[in-house]
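Structure, as C-alpha cells:
The values are calculated or read from the model by the stated rules, or taken from the named source; none is laboratory data. As the structure is a computational prediction, the values presented were derived from the model and not from experiment. Heads up, the Cβs are rebuilt from the backbone with ideal geometry, glycines too, and the neighbour counts pull from every protein chain shown. With ligands, DNA and RNA removed, areas are computed over all heavy atoms of the protein, side chains included. Shrake-Rupley method; radii C 1.70, N 1.55, O 1.52, S 1.80 Å.
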Amino acid sequence: MTDIERITDMEQCFDRVDRALRALEEAVDTITSLEDDILKLDAYYSGDEWKADFRSDELGLLPQDLKRGVLSEDAIWDLLGRVDGVKHRMLDFVLTDLG
C-alpha cells in the first residue's frame with residue numbers, strides 16, 4: 001500500500017468513525033434526557049394503573065380514536081427491554097475497552 005493509499009484509507013476510517021460517534025453522542029444526549037420518561041413508563045407498566053387502563057380498554061370504555069399502543073401486552077415491555085439492551089451493549093463496549 002502506498003502512502004497516498006494508506007492516508008486515503010485512514011481518512012475514510014476517520015470519517016466513518018467521526019460520523020458514527022457524532023450520531024451516538026446525539027443519541028446518548030437524547031436518551032439520557034428521556035430518563036424520566038423511561039422511569040415513568042416502567043412505573044406505569046409495573047403498577048396498578050396499567051392494569052386498570054388495560055381493563056378499561058378491554059371493556060370498551062375508552063374512545064375508539066384514542067392512541068393506545070402503551071396498552072398492548074408487549075409494547076412497553078419490549079421498549080424497556082430495548083433500553084436495557086442498549087445500556088448493556090454500551091456497558092460491554094466500555095468494559096471491553098477498559099479491560
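Test residue 42 against the criterion of being open to solvent by less than 100 Å² (accessible area, probe 1.4 Å) and either among the small types (Gly, Ala, Ser) or within 22 Å of the chain's Cα centre (by Cα) (or both), and give yes or no.
yes
Need the failing condition index for residue 55 against (1) free of Cβ contacts under 8 Å to residues at least 24 places away in the same chain; (2) under 28 Å from residue 87 (Cβ atoms); (3) surrounded by 10 or more Cβ atoms within 10 Å (Cβ to Cβ), just the number.
(2)
So for the range 72-92 (the condition being in contact with a Gly (Cβ under 6 Å, 6 or more places away or on another chain) and either of a type outside the set (D, E, K, R) or at pLDDT 95 or above (or both)), does at least one residue qualify? Working first, answer last.
As a first pass, look at the range 72-92 and keep what is in contact with a Gly (Cβ under 6 Å, 6 or more places away or on another chain): 75.
Now drop any that are not either of a type outside the set (D, E, K, R) or at pLDDT 95 or above (or both), which leaves 75.
Yes.
Of the conditions (1) of a type in the set (A, V, I, L, M); (2) touching a residue at least 24 places away in the same chain (Cβ under 8 Å); (3) outside any helix (DSSP H, G or I), residue 31 satisfies every one except a single condition; which number is it?
Failing condition for residue 31: (3).
Could you check, for the range 62-72, whether at least one of its residues is part of a helix (DSSP H, G or I), over 21 Å from residue 29 (Cα atoms), open to solvent by less than 60 Å² (accessible area, probe 1.4 Å) and touching a Phe, Trp or Tyr at 6+ places or on another chain (Cβ under 6 Å)? Full working, then the answer.
Here is the first cut: in the range 62-72, the residues part of a helix (DSSP H, G or I) are 69-71.
Filter again for over 21 Å from residue 29 (Cα atoms), leaving 69-71.
Next, from what is left, pick out any that are open to solvent by less than 60 Å² (accessible area, probe 1.4 Å): 69, 71.
Next, only the ones that are touching a Phe, Trp or Tyr at 6+ places or on another chain (Cβ under 6 Å) stay: 71.
Yes, some residue in the range 62-72 is part of a helix (DSSP H, G or I), over 21 Å from residue 29 (Cα atoms), open to solvent by less than 60 Å² (accessible area, probe 1.4 Å) and touching a Phe, Trp or Tyr at 6+ places or on another chain (Cβ under 6 Å).
Could you grab the pairs with beta carbons closer than 9 Å, sequence gap of 6+ or different chains, first residue in the range 1-26 and part of a helix (DSSP H, G or I), second one loosely packed, with under 10 Cβ neighbours inside 10 Å?
Within 9 Å, the pairs are 9/1.
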